[in-house]
Amino acid sequence: MEINKIGVIGAGQMGTGIAQVCALAGIEVALNDISEAHINAGLATIAGNLARQVERHQVDPPARDAALSRIKPAPGFDAFADSDLVIEAATENEEVKRKIFSKLCPSLKPTAMLATNTSSISITRLASITDRPERFIGIHFMNPVPRMQLVELIRGIVTENVTFDAAKALIARLGKTFTVSEDFPAFIVNRILLPMINEAIYTLYEGVGSVESIDTAMRLGANHPMGPLQLADFIGLDTALSVMQLLHEGMADPKYRPCPLLVKYVEAGWLGRKTQRGFYDYRSGTPIPTR
C-alpha cells in the first residue's frame with residue numbers, strides 16, 4: 001500500500017513534528033486539532049522550525065516552501081476522507097485516544113490505515129475500538145521528531161503484514177530508522193528510559209543529590225547529552241507520570257512505582273518546559289533548579 005496523503009491529529013509538539021517531516025518527504029498532510037486556533041499555532045510552529053532549518057542550511061528555501069504548501073488545516077475529520085493514513089498524536093491519555101478513534105473511523109475510506117503515536121498504551125487495545133484493527137499500527141516517533149532518527153513500530157495482535165510493510169516503507173521514505181517492539185507497556189525506549197528518570201527523581205526525593213548535582217553526574221559521569229531531570233522537563237512531567245503509572249499497572253511490579261515527588265510536581269501544574277516550571281524554573285530565560 002502506497003501512502004501519499006497523511007492526516008495528523010494533534011498540532012502539538014509531536015503532531016507538528018510528524019507533519020513537518022512528512023511534508024518534507026513529499027507527502028500531502030492534513031493537520032487537525034480541537035480548534036482552528038490550535039491548528040494555526042501548529043502551522044506557525046512548523047513554519048518557524050523550517051525557517052531555522054533553512055538558517056542552518058539543513059533545508060533549502062524551495063524545499064521549505066514546497067513542504068509548507070503540502071500542509072493543510074483540517075478543522076474536522078471529514079478532511080481525512082481521502083487520506084491513506086491517519087496518525088493520532090494527541091495527549092498520552094487512553095480515554096482521549098479512544099474517543100478520537102471512535103469519531104474518526106466513519107470519515108475514512110475503507111482502505112485507510114490508522115496509527116497512533118502513543119509512547120506506552122496498548123496498540124491491540126486501541127485497535128479493538130476501531131472498525132479496522134487489521135489496518136492499525138503503533139508508529140512511535142521520538143521527540144523532537146525532525147531531529148531524532150528512531151521510530152518504534154508496534155504491531156497489535158490483529159495488525160496485518162500489509163499494514164506493517166506500508167509503515168516500514170513510510171519510515172524509510174522519511175529517512176528514519178525503525179525498530180520493532182512487541183506490544184507490551186511502554187515498548188522499548190520508554191520501558192528503559194522512564195524508569196531511569198523515575199529513579200533520578202527518587203534520588204532527588206531522598207536527598208541523595210540536588211537537581212544540579214544529579215544532572216551533572218549523569219551528563220559527565222554517564223556521557224548523557226542531557227541530565228535525567230532536564231530530560232524529564234523536556235518530555236513533560238505529566239507524560240512521564242502517565243508512562244510510569246501505565247508501567248506500574250501493566251507490569252504489576254513495585255519497581256515501576258512513580259516517585260511521590262513526580263506526582264506532587266504534576267499536581268502543582270509544574271509540568272516542565274511547557275509550563276515554564278518543573279525541576280527547573282525557565283521563566284527568567286535561564287533554567288534555575290527548583291530543588
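All of the numbers you see were taken from the coordinates with simple rules; none came from a lab. All values reported here derive from a predicted model rather than from experimental measurement. Heads up, the Cβs are rebuilt from the backbone with ideal geometry, glycines too, and the neighbour counts pull from every protein chain shown.
In table form, for the structure just shown:
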{"quantity": "Only Lys, Arg (+1) and Asp, Glu (-1) charged, at Cβ; the chain dipole about Cα centre in debye", "calculated": "320"}
{"quantity": "Value of relative contact order over the chain, rounded to a whole percent, pairs C-alpha under 8 Å and six or more apart", "calculated": "13"}
{"quantity": "Value of Rg to Rh for the stretch 83-166 (Rh from inverse mean 1/r over Cα pairs, i.e. Kirkwood)", "calculated": "0.94"}
{"quantity": "The stretch 209-270 versus the stretch 125-182: alpha-carbon centroid distance in Å", "calculated": "26"}
{"quantity": "Rounded to the nearest 20 debye, dipole of the stretch 1-109 from Cβ charges on Lys, Arg, Asp, Glu", "calculated": "40"}
{"quantity": "Amide hydrogen neighbours beyond the local backbone of Val151, cut-off 5 Å, H modeled", "calculated": "Thr177, Phe178, Thr179"}
{"quantity": "Long-range amide H partners of Leu85 with built H, under 5 Å", "calculated": "Lys5, Gly7, Met113"}
{"quantity": "Values of log10 I(q)/I(0), in the order q = 0.19, 0.20, 0.21 Å⁻¹, for the stretch 7-126 under a Debye, Cα-only, solvent-free model", "calculated": "-0.98, -1.07, -1.15"}
{"quantity": "Extension gain from Thr91 to Ser213, taking 0.36 nm per residue of separation minus the Cα-Cα distance", "calculated": "40.8 nm"}
{"quantity": "Enclosed volume per residue, in Å³, of the convex hull spanned by Cα atoms of the stretch 132-188", "calculated": "78"}
{"quantity": "Unit charges at the beta carbon, dipole of the chain: most positive-side option, Ala51, Thr275, Gln20", "calculated": "Ala51"}
{"quantity": "Residue-wise HN-Hα coupling along the stretch 183-195, computed from phi with Karplus coefficients 6.51, -1.76, 1.60 (Hz; x: Gly, Pro)", "calculated": "7, 10, x, 6, 6, 9, 4, 6, 4, 9, 6, 5, x"}
{"quantity": "Karplus-derived HN-Hα couplings along the stretch 263-275 (A = 6.51, B = -1.76, C = 1.60, θ = phi - 60°), whole Hz, x at Gly and Pro", "calculated": "4, 5, 4, 5, 4, 6, x, 8, 9, x, 4, 5, 10"}
{"quantity": "Global geometry of the stretch 191-289, whether rounded, prolate or oblate, following the gyration tensor of its Cα atoms and the 1.5 cut on a/c", "calculated": "oblate"}
{"quantity": "Normalised alpha carbon radius of gyration of the chain [divisor 2.2 N^0.38 Å]", "calculated": "1.01"}
{"quantity": "Antiparallel DSSP beta bridges within the chain, percent to nearest 5", "calculated": "25"}
